[in-house]
Structures are given as C-alpha cells and as structure tokens.
C-alpha cells in the first residue's frame, strides 16, 4: 500500500503539510503532478506562469530525487480519472494534497474528494498556502471582511502561525514507479524568444526562494517602507512568484521575518512591518476571492457593472506594448513583457491609466497581466485590478486618478527606471523625461528624440481623459 501526494501550488518539500502527512505513514510515497489546464478554465495558467511552472517542476523533481523519490508527471483532461488510474497502478490506499482557494479549483477538488472516497480511497487535504483559512476569519457580525485594515488587525491579534516543519530527509520509494510523462510533453515553454528575458530575471524553485528571502531580509527589510515605492531601486522582496507556486510557504516567511526582527532588536513592532503587511494583503486577496467567487469576472460593487467602458483596440494595444507616450506607464509595460514582472507602484500607475485614462475595462488589464506575469495569482490579480478600478473591496475611489506625469516625477525622480526600460528617451534631462511632449525642440534634438517616430506622442491627453473619467463615474454614481 502507498500514498499519493498530489502537488499543485505547493512545489516544495519544507513546510508542506500534505507531504509531511504522507511521509509520516512509513508507507511508500508517490509524488504526483497533474497538468490539467482545462479544469481551471477560464483561468488556466498564462504564458509566463507556464514558463515558471516548467522550471519549478524540474527543480522539485531534483529535490525529490535528493531524498530518494521522484516526481510522476501526467498531462490529463481530467485529474480525477488520472488519480484513480495512478492509485490502481500503485496500489495506493490514500491521496493527500494541500488546499487551493480559486473558485473553479474548490469546486473541482470537492468533486474529486467525494469521488475518490466512493472509490474506496482515503483522502485528506491540508492548509499549506495561507496563514489563515478564509472561512476562519469573520467580522463580529459573522460575515467576511471587506476592509483590509480591519481584516489584518484581526489577524494580527490571533496566535502566531505554527513554526514551519523541515523537509523530510528521506521518502520511502515504491517497489515500482508509475510511468511519468517527460516534462517537455506538457509543452509549457513559450515557442517565441520570450523565455530569454524571464531566465535573465528569475531563478524559480524552492532553493532560490529561500536565497531570495534571506537576501531581502539582510539588504532591504529595514528600509522596505521607504524604498518599496521606488521602481528604480531594488527595494521589494520579489517573493510573489515563489509564494504563488508554493516554492516557499507563508509560515516560512512569517517566521523568517520574525527571527530577523528579533535578532535586530525589534521585539515589539515586527508584526507591524510593512513587509508583513504585504503578506497580509495576499491573505486578504484570498479571503475575498473565496467569499466572493464571481469577482474575477464581475465587480464586487454591483453598480460598476453599469460603467460605460470604451472599446479601443488601438489604445489597448499601445498600452500592452508600452507605447502610450507616457514614460512611466511604458516603462512598466515593457518591464512586464521582458521580465514577467512589474514593480507594484507602477502596476497601480499603469492600471489607473488603462481604466481611467483610456476608460478600458479592468478585466482587459487583468487578462493581460494573467498571461504575462510570472506571479499571476487569481486572488491577488483580481484584488489589484478591482482596487485600481474602484469597484472592489477597500478599493481606491474611482475619482482618485493617477496623473502618470506627476507619479513618474515623484517615484522615479532620477529617471533610473524609465531610462532602463525606455532607452530611446534616456538622453532627455530629468526635467523633461516624464513629459517629453512638452520638451523644447532643441532639447529633443539634443537627446536624439523625434516624437511620433522614435517615441510616440501621448495616445490621450491626461487632463481631457480625467474629465471624461469623472463624467463616466458621475453617471454610475
């Protein structure tokens, strides 16, 4: 008899409750990954996520081999059928996994758990992706939270999460391994040259996640609050893709931050650090998508379903390509395309430009991010876009419209970020870098900039767009 451990968004050995439960039986443990994207439609993994998944699965298999095991990979149209087949092949009596919280996956998993039990198999699911299960956090009236500050204040008053468990030193292998598909058969890698930029920017895998966390704690944790909004600096943790794929767990991050803070004398305020607050936002995002499962497609605030969005294929394409004529927006969109990631401050600026300058639906932005972000997470992506569009929980009011010029000047004053990603205007002085369309002709000529040829004119006048956005909002309000 053996136990199947079904890996999903938990591609690690340490602090993996389902894996620990499987290993504790002293039975053979068979690690399984099933790639069944149609079951997650319409939110099956996008292009950047597929690249990361390929790399992470390869590294997970290597880590499993180091403890005497290996990863069985299957491509499937139906995870239930595959799990039943594998259980029969291996003589397994039990299937275990860690829970996920996306609406389609919850429904799928409930169906699978019932069917496996009816087939005579034991099943168990565990909490390995969040600090707090979404259904355990309630307001005093018993409902879900919709304001982040109240939500996180409540969470911080709870007991600290349990310390993370170390990885198993060995896993008992079965007498015979089930057939595994070659990783390349999943066809996860993009066919265009896109991976070159991703490979230059990232190292997926659990080992890399821990290296990145320790580097961040030593180099940036103390200054995170003051540096995190500066896209020209490396001041953020860049842990989001590692967290999304479960290469590191939130308990590991919580306790690593705690150890660092206490070692440096922060005995009373470490829970209030801005870094852990960002972990709280991730928790809040999953809390919301669990309690409001329609929000990936529909606004939480129902009145915004009537919002008079425009249709503008050319404007959308300019935004996607980083060719809007607004340097901070274009820098962010080019960073996204090249590296599969965008600085969080610039995500807000670029998002505001799409929905409040171009008046294009937030769902268009969410779809583009879903395909191009290596950290594309349904809960966080939904929260972020509904926040910037003013239609979600604890969202920025719609009438708060970021001015891309002043945002660029404020958060990229030295122009390091824009010059890196929009090199065709790098020769402009700081005074004109974030508003090249206003630069005098001699300044443009000296910098080698010809508007409309080497760099576009703005696709829309921000002042005019702002008035149109406020008028559209007034119609809804």
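A compact table of results
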| item | result |
| --- | --- |
| Residue 332 in contact with a strand residue (DSSP E or B) (Cβ under 8 Å, 6 or more places away or on another chain) and closer than 19 Å to residue 402 by Cβ | no |
| One residue from 178, 204, 182, 195 being in contact (Cβ under 8 Å) with a residue 12 or more places away in the chain and exposed (fewer than 15 other Cβ atoms within 10 Å of the Cβ) | 182 |
| Subset tally (residues that are under 13 Å from residue 67 (Cβ atoms) and surrounded by fewer than 21 Cβ atoms within 10 Å (Cβ to Cβ)) for the range 11-27 | 2 |
| Unique match (being part of a loop (DSSP other than H, G, I, E, B) and modelled with pLDDT of 95 or more) among 354, 336, 359 | 359 |
| Residue check, residue 77 surrounded by fewer than 19 Cβ atoms within 10 Å (Cβ to Cβ), under 15 Å from residue 5 (Cα atoms) and either in contact with a helix residue (DSSP H, G or I) (Cβ under 7 Å, 6 or more places away or on another chain) or at pLDDT 95 or above (or both) | no |
| Breaking point among (1) under 25 Å from the mean Cα position of the chain (by Cα); (2) within 24 Å of residue 12 (Cα to Cα), for residue 92 | (1) |
| Residues located in the range 111-144, provided they are part of a loop (DSSP other than H, G, I, E, B), in contact with a helix residue (DSSP H, G or I) (Cβ under 7 Å, 6 or more places away or on another chain) and in contact (Cβ under 8 Å) with a residue 60 or more places away in the chain | 127, 128, 130, 131, 132, 137, 144 |
| Leading residue by the ranking (surrounded by the fewest Cβ atoms within 10 Å (Cβ to Cβ)) among those in the range 145-160 that are in a loop (DSSP other than H, G, I, E, B) and either free of Cβ contacts under 8 Å to residues at least 40 places away in the same chain or over 22 Å from the mean Cα position of the chain (by Cα) (or both) | 159 |
| Sole exception among (1) in contact (Cβ under 8 Å) with a residue 40 or more places away in the chain; (2) closer than 17 Å to residue 180 by Cβ; (3) surrounded by fewer than 20 Cβ atoms within 10 Å (Cβ to Cβ) for residue 108, by number | (2) |
| All helices (runs of 4 or more DSSP H) inside the range 397-461 with 1 or more residues being over 25 Å from residue 387 (Cα atoms) | 416-421, 430-433, 441-447 |
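Okay, residues lined up against (1) crowded, with 18+ Cβ neighbours inside 10 Å; (2) in the same structural domain as residue 360 (by TED's automatic domain parsing); (3) at pLDDT 95 or above:
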{"position": "262", "(1), (2), (3)": "no, no, no"}
{"position": "269", "(1), (2), (3)": "no, no, no"}
{"position": "274", "(1), (2), (3)": "no, no, no"}
{"position": "279", "(1), (2), (3)": "yes, no, yes"}
{"position": "283", "(1), (2), (3)": "yes, no, yes"}
{"position": "309", "(1), (2), (3)": "no, yes, yes"}
{"position": "313", "(1), (2), (3)": "no, yes, yes"}
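For every residue, the table says whether it meets (1) over 28 Å from residue 335 (Cα atoms); (2) in a helix (DSSP H, G or I).
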position	(1), (2)
265	yes, no
275	no, yes
279	no, yes
286	no, yes
295	no, no
300	yes, no
319	no, yes
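The values are calculated or read from the model by the stated rules, or taken from the named source; none is laboratory data. Treat the numbers as computed from the prediction; the structure is a model and nothing was measured. Glycine gets a Cβ as well: all are built from the backbone with ideal geometry, and neighbour counts include every protein chain shown.
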